[in-house]
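Since the structure comes first, as structure tokens, the remarks are kept for the end.
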Amino acid sequence: MTAARRIQVGLIGASIQQSKSPFMHEAEARALGLNLAYELLDLKAMGVGPEGLSDVLRQAEREGYAGVNITHPCKQSVIPLLDELSDDAAMIGAVNTVVFKGGRRHGYNTDEWGFRESFRRHMAAAPLDRVVQIGAGGAGAATAHAMLTLGADRLQVFDLDRSRAEALVSKMAAKFGASRIEAIGALAEAVGAAQGLVQSSPIGMADHPGLPLPSSLLRPDLWIAEVVYFPLETELLARARALGCRTVDGGSMAVFQAAKAFELFTGVTPDAERMLHRFRAELVGFDLQ
């Protein structure tokens, strides 16, 4: 009996040793009878910064990888290194999945659908008249597109780099209209008038601990959607839940984006519900911090 063809994939990013992507992809591959290996290509562990992305991408391609996922801080800087972009990736301006096929590098964004599906499931009927988003990087581009697609009437984007927030707003306004999205500098005032908060910055990750805004700005009637999933309960979510806020963690987004990426890598549709159940079960009692 011929052994199943080995499918090699991986994740490129910085400080990613706690990522659950290898577990999610490899466990689902086993359930489907596929021989898949998922490696962490950690720029920090390699002793290089984002400038090393080109070399790491080239090496993965040479070693016969089917593709790689891309995470912080490379979701936007990877774009010039690719040959083609999906329509969604081009619109969002960020890539989290690269497929190597026919000698070309194809870029996709599965984060947007992952966040949108997670929000749809866990935040049904949440008010969307005024929403504040913190973070305008690669993840922020995906969540902004998702929130506007979900029907947010007014999305206010804050980033410590104001020019990055303005660039994101300009791109989204071209599709959704300038009246629905704006870059802001006064975070406290905006959060005070908002119904919901989308946390799309790296703040809260194991390697970037802390809060993305003063805890005094949180209040019980403010819903919180987090994109960070390691740790699954960030300091922001812990503070918000203590106040009684309605929240959704980054776990479901992580699973749903992974399911889409898995299909792109393998050509096989995974069982997203099984992946979600397995992911949650794996994290019960598991301290990612």
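The values are calculated or read from the model by the stated rules, or taken from the named source; none is laboratory data. Keep in mind it's a predicted model, so treat the numbers as computed, not measured. FYI the Cβ positions are ideal-geometry reconstructions off the backbone, even for glycines, and counts take in every protein chain you see. What goes into the accessible areas is simple: the full protein's heavy atoms, side chains included, and nothing from ligands, DNA or RNA. Shrake-Rupley method; radii C 1.70, N 1.55, O 1.52, S 1.80 Å.
Over the chain, Cα pairs under 8 Å with separation of 6+ residues give a relative contact order of 16 percent.
Just to be sure I understand: of the beta bridges DSSP finds with both ends in the chain, what percent are antiparallel, rounded to 5?
Numbers: 8 of 39 bridges.
The answer is about 20 percent antiparallel.
Mind grabbing the base-10 log of I(q)/I(0) for the range 80-121 at q = 0.24, 0.25, 0.34, 0.35 Å⁻¹? Debye formula, identical points on the C-alpha positions, no solvent, two decimal places. The calculated log intensity ratios at q = 0.24, 0.25, 0.34, 0.35 Å⁻¹ are -0.75, -0.79, -1.13, -1.16.
The ellipsoid equivalent to the alpha-carbon distribution of the chain has semi-axes of 31, 21, 17 angstrom, derived from the gyration tensor eigenvalues as √(5λ) and listed largest first. Only lysine pairs 8 or more places apart, or on different chains, with alpha-carbon atoms under 28 angstrom apart are counted in the chain, and they number 14.
Averaged over all directions, how much area does the convex hull of the C-alpha atoms of the range 116-198 cover when projected, in nm²? Could you put the intermediate results ahead of the total?
Values: hull surface 19.3 nm².
Its Cα hull, projected and averaged over all orientations, spans 4.8 nm².
A simple packing score, the average count of other Cβ atoms within 10 Å per residue, orders the peptides 34-47, 231-244, 252-265, 16-29 as 252-265, 16-29, 231-244, 34-47, with the highest score first. Hydrodynamic estimate: the Kirkwood radius of the range 151-263 over Cα pairs, inserted into Stokes-Einstein at 20 °C and 1.002 mPa s, corresponds to D of 142 µm²/s.
Give me the percent of accessible area attributable to carbon and sulfur for the range 180-247, probe 1.4 angstrom. Please report the intermediate quantities before stating the final value.
Values: 1440 of 2600 Å².
After summing per-atom areas, the C and S share lands at 55 percent.
A 1.4 Å probe run over the chain, with the rest of the protein chains in place, finds 42 Å² accessible per residue.
Converting phi to 3J(HN,Hα) with the Karplus coefficients 6.51, -1.76 and 1.60 and the offset θ = phi - 60°, the range 196-210 yields x, 10, 9, 9, 10, 8, x, 4, x, 5, 4, 8, 9, x, x Hz in sequence order, with x at every glycine or proline.
Placing unit charges on each Cβ (+1 for Lys and Arg, -1 for Asp and Glu) gives the chain a dipole about its Cα centre, and among Pro270, Ala183, Tyr65 the Cα reaching farthest toward its positive end belongs to Pro270. Ranked by the mean number of other Cβ atoms within 10 Å of their residues, highest first, the peptides 178-191, 137-150 come out as 137-150, 178-191. Taking amide hydrogens as placed 1.01 Å from N in the peptide plane, the amide H of Leu36 sits under 5 Å from those of Ile7, each at least 5 positions away in sequence or on another chain. The residues Leu82, Leu197, sorted by heavy-atom accessible surface at 1.4 Å with ligands and nucleic acids left out, run Leu82, Leu197 from largest to smallest. Both radii are taken from the alpha-carbon atoms of the range 1-124; with Rh as the Kirkwood radius, Rg/Rh is 0.98. Rounded to whole numbers, the Karplus 3J(HN,Hα) couplings from phi for the range 104-112 are 10, 10, 10, x, 9, 10, 9, 4, 4 Hz, using 6.51 cos²θ - 1.76 cosθ + 1.60 with θ = phi - 60°, and x at Gly and Pro.
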